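A quick write-up on the structure given underneath.
The values are calculated or read from the model by the stated rules, or taken from the named source; none is laboratory data. None of these values were measured; they are calculated from a predicted model. Virtual Cβ from ideal backbone geometry, glycine too; neighbours counted across all protein chains shown. Ligands, DNA and RNA are stripped out before the accessible areas are found, and what is left, the full protein with its side chains, is counted by its heavy atoms. Shrake-Rupley method; radii C 1.70, N 1.55, O 1.52, S 1.80 Å.
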There are 2 protein chains.
Amino acid sequence: MTRQETTQVIIVGAGFAGITAARELSKRGVDVVVLEARDRVGGRVWTQKRDGYWVDVGGQWTGPGQDHIRALGDEMGVKSFPTWPDGEHLQYTEGAGLRRYAGVVPSDDVETLGKVMQAIMAFDQLSQDVPLHAPWETPNAQSLDGMTVQTWIDENVDSERAREGMRTAFEAVYAAEPHDISLLHALFYAKSGKGLFYLVSTEEGAQADRFDGGMQTVAELAAERLGDAVWLASPVRSIEQDNGSITASGDEFAVTGKICVVTAPPALAGRIDYDPPMPPLRDQLTSRAPMGSVIKVHAIYDTPWWRDEGLSGRVVSDVGPIKVMFDNSPPEGTPGMLMGFIEGGDGRRYANIDEAERRKAALDCFVRYFGDRAAKPMDYIEGNWPAEQWSRGCYGAVFPAGTWVSCGQALREPVGRIHWAGTETSEVFAGYIDGAVRSGERVVNEVLEVLG
Amino acid sequence: MTRQETTQVIIVGAGFAGITAARELSKRGVDVVVLEARDRVGGRVWTQKRDGYWVDVGGQWTGPGQDHIRALGDEMGVKSFPTWPDGEHLQYTEGAGLRRYAGVVPSDDVETLGKVMQAIMAFDQLSQDVPLHAPWETPNAQSLDGMTVQTWIDENVDSERAREGMRTAFEAVYAAEPHDISLLHALFYAKSGKGLFYLVSTEEGAQADRFDGGMQTVAELAAERLGDAVWLASPVRSIEQDNGSITASGDEFAVTGKICVVTAPPALAGRIDYDPPMPPLRDQLTSRAPMGSVIKVHAIYDTPWWRDEGLSGRVVSDVGPIKVMFDNSPPEGTPGMLMGFIEGGDGRRYANIDEAERRKAALDCFVRYFGDRAAKPMDYIEGNWPAEQWSRGCYGAVFPAGTWVSCGQALREPVGRIHWAGTETSEVFAGYIDGAVRSGERVVNEVLEVLG
């Protein structure tokens, strides 16, 4: 049986963009239906609950300036707390093994540290010319978009150790490898997020704070207020529009409205069957906007014992598959949680193997950095984002060379009755939860203008 | 009503890959059903028939070494004939206007000619190291795939006029712009097609010969012999597989078999809803394999009057939207036909406007090169490939930087009961009709091995 319904605005996706759009429209008396493919809200934010503790297997952080997600968290009454700050960080290199360090960037030799900082500053300087509303209008856009980040690193960083440091930084921020990323896209993304230095920073940076109870709590509380306007387990297969209306259909439903807001990332939005078909430029965009690849793994221990050894739980390593780690314990400190990222090429490779094998590879890394005590966690919990059918990667879309100048204009341009949201469409904090919220707010303005 | 059917092998797509696979399997007594989205066979090959003449609005050429499509044409009894060879070619440049020339590459100044030839030779030399079965195993693959063709041109061609010549050559061969194309992909594609010099050549090159009556005639005759095994107007929306069987379903049908061969190009294959979902590496591949962008326009005149002026009908120009032209008249010479390509960025832009506006822009170019007589054709016929729902571009997929090393391994690797064909999967003449035929033959070997 097909469930038929009529509304004013159909919203595809109940991540932070979709929920924000639905909330803001509802507040203004506009009737909405939110169609979510998964059996939960939150999208790339997902808090898994266990007996006595919770784990954010998806997006979790906020930082200074991310005022839109912070305001939403405040409104929902969810408290934030700082990422665990104390102790020394670890650097692991193939050549030198383990060393302790302090600060944002590992400093095992002062020359490499200087070169990495210089490269980050040069990169952030270069990004200043990107107009966030239209990166394709950057002076020299074709040259910047016709070059990968790898080419830029090779041309601008003159020691192999500093190049390795920059590669690790880019992998951590973009969940992709330098050869995958357009230089123009990397510049846009960095400027959109207050600069590469901010994005790799914890204190005063993009990894500053977390929400108690998990980031998804915010989405769940916001969605609760929308009541039965949110339809879970309802993947949209096709969207049909004509002069009078627009209909989004799935296996067992069809919802008709005046406007449809699609919040899925471009790659997934491109898989919906549109009638009439998407215009060529939009179609080209969605066929060249792959998602980053990241697997986020947690090992749970009865206590955060590494703190007693003077360690912060943070690691930067040039040996994978886990190259970046954090202490991801709850604010009360127990249970203790070590969290690590498998990113870029490793993310793609490890996404496709058995969980048991991946768990072993991850814990081998944990032991390499923290010793044998890390080998036997009481629990292991992961978010394997490349394998998630309704995200196919995280953190966000990573545009390869050529995408922005060839078809970037199609990113936000409405197609008839279809408007686009989602963190990829945000000018500010694109790729971050804050960008998703902002994109929901922006699309509401577009929709209200059309509804008149 | 859903039409249900059972077969041994389901083939998705009735282009040259699908038809070849179906023919070869049928010959061996294997039962097949070919599911084609369009109401015609041929895929990116499409001959439009008018009262008294025919026009190839899609793929049309064969060249020396393209023995597999040539053998198929022979078997179907379709005669080939050479691309019109006589007369002088035209070069148009913004600086110097129109000049006549002979040979493959315009030679208005000998230094530029020398530099372009040198660059083509250096490129073809570099391509020799690419193992066609596994481009990601090329020595230095990560560096070559982490670089765009634009970066290579900028670093290896030292005059602006020669760089412009190389850009035009790449646009003509790849239907994409140098900033869109991975250097490794360009090298693979060129080597797969006997080298860049062969690919830009007419006589003794990839544009040497045509089929009388149009290239699609070959596909139609081959499909006729398959009888009602070919289902037209049957787009596959989903493919479901388990340990015992595989089912491809559309709006009003469901076909169950042992094996499914998907011949759609990666970008379109990625839009099918798979259950279970595609593995991460395959999914990443299909989200970063955009199609080239080309619109092929024909103006039809009562006679090929340019021949009387000593002109071959061929043009190379640095001013768009039409930068490359050919005399595309039938072998008998009447009616006369001038054909031009709108490619790359122009292809994307012009694909999205009204046909009347595009026709005007195209004929303005024809007049610029051939004078006022070109302004009033008796007919205008075009193939707007970026707008074609079931191709979304031509000639083939153009991998951006990073695709081959990040996920190229997933291009041909079967996923359970699904095997992949289509010209993009061919080691030889990838992107060409000959490659499509070869891919159909290759996949038949895979299928027969599984069927046992």
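Taking only alpha carbon atoms, the stretch A:112-197 gives an Rg to Rh ratio of 0.94, where Rh is the Kirkwood radius. Here the Karplus curve 6.51 cos²θ - 1.76 cosθ + 1.60, taken at θ = phi - 60°, turns the phi angles of the stretch A:203-218 into couplings of 4, 6, x, 6, 10, 5, 10, 10, 9, 5, x, x, 4, 5, 3, 4 Hz, with x standing for Gly and Pro. For the stretch B:112-197, the carbon plus sulfur part of the accessible surface works out to 52%, probe radius 1.4 Å.
Phi-derived couplings, Karplus 6.51 cos²θ - 1.76 cosθ + 1.60 at θ = phi - 60°, listed residue by residue for the stretch A:265-280: x, x, 4, 7, 4, x, 8, 6, 8, 9, 9, x, x, 4, x, x Hz, with x used for Gly and Pro. Applying a DSSP loop filter and a limit of 12 other Cβ atoms within 10 Å to the GluC sites (Glu not before Pro) in the stretch B:65-112 leaves B:Glu94. Each other copy holds its own label point for B:Ser143; taking that point as 7 Å from Cα along Cα to Cβ, the gaps run 2.3 nm, nearest first. When both the stretch A:398-429 and the stretch B:1-65 are represented by their alpha-carbon centers, they are found 35 Å apart. Annotation note: chymotrypsin sites (Phe, Trp or Tyr not before Pro) in the stretch A:1-68 located in DSSP loop regions with a Cβ neighbour count of at most 11 within 10 Å are absent. The amide H of B:Leu311, built 1.01 Å from its N in the peptide plane, has B:Glu88 as neighbours under 5 Å, considering only residues 5 or more places off or on other chains. Candidate cross-link partners of A:Lys296 among the lysines, defined by an alpha-carbon separation under 26 Å and a same-chain spacing of 8 or more, comprise A:Lys49, A:Lys79, A:Lys191, A:Lys194, A:Lys323, A:Lys360, A:Lys376. Each residue of the stretch A:389-406 was assigned a 3J(HN,Hα) from its phi angle through the Karplus curve 6.51 cos²θ - 1.76 cosθ + 1.60 (θ = phi - 60°); the sequence is 4, 9, 9, 6, x, 8, 6, x, 5, 10, 6, x, 3, x, 5, 4, 6, 7 Hz, with glycine and proline shown as x. Taking the Cβ of A:Pro131 as the center, what net charge do the other residues with Cβ under 15 Å away carry, scoring Lys and Arg +1 and Asp and Glu -1? Once positives and negatives cancel, what remains is -2. Per residue, the accessible area of chain B comes to 35 Å², computed with a 1.4 Å probe over protein heavy atoms only. Rounded to the nearest whole angstrom, the semi-axes of the ellipsoid equivalent to the stretch A:371-449, taken from the Cα gyration tensor as √(5λ), stand at 35, 16, 12, largest first.
Pairs of C-alpha atoms in the protein assembly as shown farther apart than 45 Å represent 29 percent of all such pairs.
With respect to chain B, whose longest principal axis is taken over its alpha-carbon atoms, helix B:183-192 is tilted by about 80°. Between the C-alpha center of the stretch A:123-149 and that of the stretch A:161-225 there is a gap of 19 Å. For the stretch A:221-370, the convex hull drawn through the C-alpha positions has a volume of 178 cubic angstrom per residue. Around B:Thr425, under 12 Å between beta carbons, what's the net of Lys plus Arg minus Asp minus Glu among the other residues? Within the 12 Å Cβ shell, the charges total -2. Electrostatic bookkeeping for A:Asp158 treats Lys and Arg as +1 and Asp and Glu as -1; over the other residues with beta carbon under 15 Å from its beta carbon, the sum is -2. How big is D, in µm² s⁻¹, for the stretch B:41-169 by Stokes-Einstein at 20 °C and 1.002 mPa s if Rh is the Kirkwood radius over C-alpha pairs? Result for D is 115 µm²/s. Between amide H atoms placed 1.01 Å from N, distances below 5 Å from B:Asp379 occur with B:Ile300, all of them 5 or more places distant or on a separate chain. For B:Arg28, inter-copy separations between label points set 7 Å beyond Cα along the Cβ vector come to 6.1 nm, shortest first. Close amide-amide hydrogen proximity is noted between A:Gly13 and A:Leu35, A:Glu36, A:Ala37, each under 5 Å apart and 5 or more residues distant or on a separate chain (H modeled in the peptide plane; Pro and chain starts excluded).
Across the identical copies, the 7 Å label point of B:Ser238, projected outward along Cα→Cβ, sits 1.3 nm from its counterparts, in ascending order. Interface area, chains A and B: about 3600 Å² of buried accessible surface, summed, with a 1.4 Å probe and ligands, DNA and RNA left out. In this entry, chain A is assigned a mean projected area of 20.8 nm², taken as a quarter of its C-alpha convex hull surface.
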